[in-house]
Each structure stands twice: as structure tokens, then as C-alpha cells.
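Data first, discussion second: the structure below is written as C-alpha cells.
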Amino acid sequence: MRLLVFATLLGVLLDAGDPLQIQCYQCEEMKHNDCSTPEYIVNCTVNVQDMCQKEVLVKSDGIHYRKSCASSGACLIASSGYQQFCTGRLNSVCISCCNTPLCNGPKRKRPTNSAATTTLQTNRPLLLFLLTLLLLLLT
């Protein structure tokens, strides 16, 4: 029984150290948001590029998009630095950052149960810990 408790606690501790990798859309100067298709999906650099970035440029020939992986620091600095140029008019540049997989693609409707699923996945170590405590109390 003690071995089971030790193995469970070890699993919780090891689970916390998983590397963080995100997938984003990546393209340069595309028109009409065309690069939100599977062939433009890339795996970002583990533990370095932890955000997706999207740039929207308004040019005389239409709206252009740049999408890429980015580090949180660089993306947040760029988005705040260009905030004054994000007007929606000619020569406008808007930069946005997000930190969920493929979030720099088209807007998608969320499923109604996504919050519950996310909460369960986020609290998995806590649930394992509580289960371990319960097992200790029952023995």
C-alpha cells in the first residue's frame, strides 16, 4: 500500500515538469487569412516559444496576415509597441498574442463543455493528491 502511495506522489511530481509546447499557424504576408489551414501548422520551440502571434496589416491592396510562434516576452512587447498603430485604416498594424494551440487562426465557437474539460485536466495533480489522501485514510 505504501508503494502505491509513493508511486502516486512520484507521478504527481513528475507530471508537473512536462515540457510546454504549443502549435501555431505560421505564414508571411498572406492575404484573406489563407494560412489557417493544416499545412501552415508548426510545432513551436519547446519551453521558448510559448505563444502564438498574429499580425494584421492593412495595405493599399488589402489586408495581409503574418502568423508565427513567439516567446511571451517578445510578443507582448511587440503588441503593446504597435498598439498606437492599430487603427484599422490604411497602413494599420495590429499585433495580438495568445497562448492556446492554434489560437492565431480563425475564431472558432467553443463547445459548451470545454470549461469543464479544461478544469479537470488542470486539476489532475490535485485529484491524484486527494485520491492518495483518501487511500491513506482508508488503510
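The values are calculated or read from the model by the stated rules, or taken from the named source; none is laboratory data. This one's a predicted model, so the numbers in the text were calculated from it and none came from an experiment. Using ideal geometry, Cβ is built from the backbone for each residue, glycine included, and neighbour counts are taken over all protein chains shown. Accessible surface is based on the protein model in full, side chains and every heavy atom, while ligands, DNA and RNA are left aside. Shrake-Rupley method; radii C 1.70, N 1.55, O 1.52, S 1.80 Å.
Which residue pairs have Cβ atoms under 9 Å apart, sit 6 or more places apart or on different chains, and have a first residue in the stretch 26-40 that is aromatic (Phe, Trp, Tyr) and a second that is open to solvent by 40 Å² or more (accessible area, probe 1.4 Å) and not in a helix (DSSP H, G or I)?
Pairs found: 40/26; 40/30; 40/34.
Quick check on my filter: what residues within the stretch 84-96 are open to solvent by 40 Å² or more (accessible area, probe 1.4 Å) and outside any loop (DSSP other than H, G, I, E, B)?
Initially, the stretch 84-96 is screened for residues open to solvent by 40 Å² or more (accessible area, probe 1.4 Å), giving 84-91, 96.
Across the stretch 84-96, the qualifying residues are 84, 85, 96.
Checking the structure you have, find out if any residue of the stretch 37-47 is hydrophobic (A, V, I, L, M, F, W, C), within 14 Å of residue 24 (Cα to Cα) and assigned to a loop (DSSP other than H, G, I, E, B). Full working, then the answer.
Filtering the stretch 37-47 down to residues hydrophobic (A, V, I, L, M, F, W, C) leaves 41-42, 44, 46.
Within this subset, residues satisfying the condition of being within 14 Å of residue 24 (Cα to Cα) are 41-42, 44, 46.
Filter once more, keeping what is assigned to a loop (DSSP other than H, G, I, E, B): 44, 46.
For the stretch 37-47, residues hydrophobic (A, V, I, L, M, F, W, C), within 14 Å of residue 24 (Cα to Cα) and assigned to a loop (DSSP other than H, G, I, E, B): present.
Quick check on the stretch 63-71. Is at least one of its residues over 22 Å from the mean Cα position of the chain (by Cα) and either closer than 28 Å to residue 20 by Cα or at pLDDT 65 or above (or both)? Give the steps one after another, and end with the answer.
Within the stretch 63-71, the first condition is being over 22 Å from the mean Cα position of the chain (by Cα), and the residues that meet it are 63-64.
Applying the additional criterion that residues be either closer than 28 Å to residue 20 by Cα or at pLDDT 65 or above (or both) yields 63-64.
Yes, the conditions are met somewhere in the stretch 63-71.
If I ask for residues that are among the polar types (S, T, N, Q) and part of a strand (DSSP E or B), which ones from the stretch 48-83 would you list? It would help to see each step written out before you state the result.
To start, the set of residues in the stretch 48-83 that are among the polar types (S, T, N, Q) comprises 49, 53, 60, 68, 71-72, 79-80, 83.
Answer for the stretch 48-83, where residues must be among the polar types (S, T, N, Q) and part of a strand (DSSP E or B): 53, 68.
Residue-by-condition table, conditions (1) modelled with pLDDT of 80 or more; (2) acidic (Asp, Glu); (3) under 30 Å from residue 84 (Cβ atoms):
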position	(1), (2), (3)
6	no, no, no
11	no, no, no
19	no, no, no
32	no, no, yes
40	yes, no, yes
44	yes, no, yes
49	yes, no, yes
54	yes, no, yes
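Inspect the stretch 109-127 for any residue being assigned to a loop (DSSP other than H, G, I, E, B) and either of a type in the set (A, V, I, L, M) or at pLDDT 65 or above (or both) and give the result as yes or no. Before you say what the answer is, go through the steps one by one.
Initially, the stretch 109-127 is screened for residues assigned to a loop (DSSP other than H, G, I, E, B), giving 109-113, 123.
So of that shortlist, the ones also either of a type in the set (A, V, I, L, M) or at pLDDT 65 or above (or both) come out as none.
No, the stretch 109-127 has no match at all.
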